[in-house]
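The values are calculated or read from the model by the stated rules, or taken from the named source; none is laboratory data. Being a predicted model, the structure only gives us computed values, none of them experimental. Cβ placement follows ideal geometry from the backbone for every residue including glycine, while neighbour counts extend to all protein chains displayed.
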Amino acid sequence: MPWTELIAEQSSCFPAKMAEGEDGKRILTYQQAIKEAICQALEIDKNVIILGEGVDTAGYIYDTTAGTGAQFGKDRVIETPIAEAAIAGIALGAAITGMRPVIMHMRNDFLLMSMDQIINHISHWQNIFGGDVPVVIRAIIARGWGSGAQHSQSFQRLFAGFEGLDVVMPYTPYDVKGMFLSAISGKKPVLFLEHRWLYGDKGYVPQEPYFSDLHSAAIRKQGSDVTVVGMSLANRDISDATASLSGSGIDIEWIDLRCIYPPDMDCISTSVKKTGRLVIVENGTVHNGIGAEVIARICENCFDSLKKPVKRIGWKTATVPAGPRLEEKVYPGADEIINEIRGMMGKYEFK
């Protein structure tokens, strides 16, 4: 297979901590990086196909697939009816017969229409019947521009825990390309969640195809005082908080979870054993969230290392109101992260 040959040509994956934006480095936006990854996958392997509503229409799916039909043919870039469950079933059938289908969802809210196919069939197929199921399900998640509850949700917590389904949330342009190529070249189904507010972010992206490890977290900053774990867009607030606290004497270790399921608990546990403190910033509500699972595992494996109770930060409600002014009240920001960290360190700052 072309993927086997490509993997064999690379001595190792590019490291997650590779610097971005250095002089002379090739810079792309998040949107450009995922589009390049999709086109390269279609070029590398004739068995890769993409399916979705508006998949080849300008402006749809944030232009990440527009024009691919003309380049690769309508038999590989397939415009579908508004029938999410049918699309998922077709993708499963294609995958078990040797194809590598990529399903495109403009919004993750409509994944709910295909839950039976994704959970009862795609995620369990390998364990029940064996064989490869290389289905990639792309979905755009979370915060919009006041679009209301049915268009602003983030469903990683609903899908995390079905062991046959990997759930990933790339944060950087570098990772969105490398993780997509890893997902489409693999053997398991992958739910690939992209936050719409990341598409304009810029970073270093090599031109040649490369692979990022789907199952490892990335340590974005080394530190000794507090471990702060984020996912997807939440990492932007952590980055801002880290910069604001840089001169305060508080040394943050910032971990980008990247893979929601299975989470890289070795990375998080090692960090907590060093810092003794843990803050988790959800890209969603805290109740029944990813942070709850991470905390449970930390308590099972390194409870004695904790110097302070773990803190969780997330959305104020799962029912996001319509309208940008109201929507702003739902989401935490860098200030909330800073206050939690200062409180945990006993370094309060009153304004």
* Got a number for residues in segment 120-156 being more than 19 Å from the chain's Cα centre (by Cα) and of a type outside the set (S, T, N, Q)? -> 14
* Structure fact -> Only one of Val229, Val205, Val168 is surrounded by 24 or more Cβ atoms within 10 Å (Cβ to Cβ) and more than 16 Å from the chain's Cα centre (by Cα), namely Val205
* To do: Evaluate the following for Ser216: is it over 19 Å from Pro332 (Cβ atoms) and of a type in the set (Ser, Thr, Tyr)?
  => yes
* Condition test on Gly52, is it at pLDDT below 90, closer than 30 Å to Gly144 by Cα and either within 21 Å of the chain's Cα centre (by Cα) or surrounded by fewer than 17 Cβ atoms within 10 Å (Cβ to Cβ) (or both)? -> no
* Any chance you could count how many residues in segment 56-81 are hydrophobic (A, V, I, L, M, F, W, C), modelled with pLDDT of 90 or more and within 30 Å of His124 (Cα to Cα)? => 2
* Selection within segment 86-107 - touching a residue at least 40 places away in the same chain (Cβ under 8 Å), closer than 27 Å to Gly144 by Cβ and in a helix (DSSP H, G or I) -> Ala88, Ala91
* Asked: Residues in segment 284-309 that are within 27 Å of the chain's Cα centre (by Cα) and among the hydroxyl-bearing types (Ser, Thr, Tyr): how many?
  -> 1
* Asked: Does Thr29 meet the test of being polar (S, T, N, Q), modelled with pLDDT of 95 or more and surrounded by 12 or more Cβ atoms within 10 Å (Cβ to Cβ)?
  -> yes
* Entirely in segment 236-351, the strands (runs of 3 or more DSSP E) that have 3 or more residues that are in contact with a helix residue (DSSP H, G or I) (Cβ under 8 Å, 6 or more places away or on another chain) -> 252-256, 278-285, 311-315
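Quick grid of which residues meet (1) at pLDDT below 90; (2) in contact with a Pro (Cβ under 6 Å, 6 or more places away or on another chain); (3) more than 25 Å from Ser244 (Cα to Cα):
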residue: Asp266; (1), (2), (3): no, no, yes
residue: Ser271; (1), (2), (3): no, no, no
residue: Arg277; (1), (2), (3): no, no, no
residue: Phe303; (1), (2), (3): no, no, yes
residue: Val310; (1), (2), (3): no, no, no
residue: Trp315; (1), (2), (3): yes, no, no
residue: Thr319; (1), (2), (3): yes, no, yes
residue: Glu328; (1), (2), (3): yes, no, no
residue: Gly346; (1), (2), (3): yes, no, no
